[in-house]
Amino acid sequence: KAVMTQPATEFCELVVRERILYVSLNRTKQMNALHPEASSELHRVWTWYDTNPELFCAILTGKGRAFCAGFDLSWYNKNPNYNLTATTGNSFGFGGLTSATLKKPVIAAVNGIAYGGGFELALACDLVISSSLASFALPEPAVGLAALGGGLIRLPRMTHHKWAMQMILTGEPINPTTALNYGVINEIVLPEDLMTRATELALRICRNSPDAIIASKKVVNLTMDTGFSDSLVKQTNLHEVEGLIAGQNRKEGIKAFNEKRKPNWIPSKL
């Protein structure tokens, strides 16, 4: 199957290193707030990442002081007839990610403010590493909007319902320590250690079988949509799980374990 070529980008910077794709939002004058064109561009990036068998993990961060300040309201002010649900309600969502169903993992490296859609982007990632300078909020109600990029759905599922409601209804920001206490992020690190730590985790993921990572993520996502009993039955029929069991990487993993050597994974065909 032909692999798409790396997309040209205007609103983010892409770097590939050791099977990891680094995506840095790059609208620094707008605090990395995104307009529809930027979300469409990111959709192309994530599609390329997910279909490129040589890439195993991705890291999303922001250039400058912000991770992402959400939807670009100054752009919206100039385009008042734009239908806001067109960004959140399409097949890929805000930042090309909040409604997407990527099979591969994405780590958010939150370097600064993650407000509105920016927080929703982080919530849509599989792991979240936060700089000690980061800040998180869903301030949409203050400007007459609602967090329709998945925030109203993901946040109450991930943490205590009452605390999620407080964040959603007040719009007040929280610091990384509070976010960690409520299980919304994985770790807090010093700003200068952020990308190092995110890369360490990505490399650790890359050491594992790409088939196993894809199948595991698929089953976890399945359990978010269906009950425990249903998921137990359905997981064995998933294309990704069947491919994992039948695939070369499963045989290689067991063989390498028995031969006391590092496994030589082949790119996933899932």
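The values are calculated or read from the model by the stated rules, or taken from the named source; none is laboratory data. In this text, all values refer to a predicted model and were calculated from it rather than measured experimentally. Calculation scope for accessible area: heavy atoms of the full protein, side chains included, ligands and nucleic acids excluded. Shrake-Rupley method; radii C 1.70, N 1.55, O 1.52, S 1.80 Å.
What to note about this one:
- Global geometry of the range 164-244, whether rounded, prolate or oblate, following the gyration tensor of its Cα atoms and the 1.5 cut on a/c: oblate
- The chain - percent relative contact order, Cα under 8 Å, separation 6 or more: 15
- Evaluated at q = 0.07, 0.14, 0.15 Å⁻¹, a Debye calculation over the C-alpha positions of the chain (equal weights, vacuum) places log10 I(q)/I(0) at -0.25, -1.01, -1.14.
- The alpha carbon gyration tensor of the range 42-112 gives principal lengths a ≥ b ≥ c with a/c of 1.5 or higher and a/b no greater than b/c, which makes the shape oblate.
- Long-range amide H partners of VAL189 with built H, under 5 Å: SER130, SER131, SER132
- Across the range 193-208, rounded Karplus estimates of 3J(HN,Hα) from the backbone phi angles (6.51 cos²θ - 1.76 cosθ + 1.60, θ = phi - 60°) give 9, 4, 6, 4, 5, 4, 5, 4, 5, 4, 5, 5, 5, 5, 6, 8 Hz, Gly and Pro being marked x.
- Portion, in percent, of the accessible area of the range 179-237 that falls on carbon or sulfur, probe 1.4 Å: 55
- Relative contact order %, the range 102-163, counting alpha carbon pairs below 8 Å whose residues are six or more apart: 34
- When the P(r) is computed for the range 122-267, the part past 25 Å accounts for 48% of the Cα-Cα pairs.
- Gyration tensor (alpha-carbon) shape descriptor, the range 1-102, a/c threshold 1.5: oblate
- Pairs exceeding 24 Å between alpha-carbon atoms, taken from LYS29/LYS78; LYS104/LYS251; LYS103/LYS162: LYS103/LYS162.
- Taking all protein chains into account, the per residue accessible area for the range 106-236 stands at 47 Å² (1.4 Å probe).
- Ellipticity estimate at 222 nm from DSSP helix runs (n ≥ 4, -39,500 (n - 2.57)) divided over the chain, nearest 500: -12000 deg cm²/dmol
- Of SER216, SER91, SER130, the order by accessible heavy-atom surface (1.4 Å probe, DNA, RNA and ligands excluded), from most exposed downward, is SER91, SER216, SER130.
- Sequence-distant residues sharing a close amide H with GLY247 (under 5 Å, placed H): none
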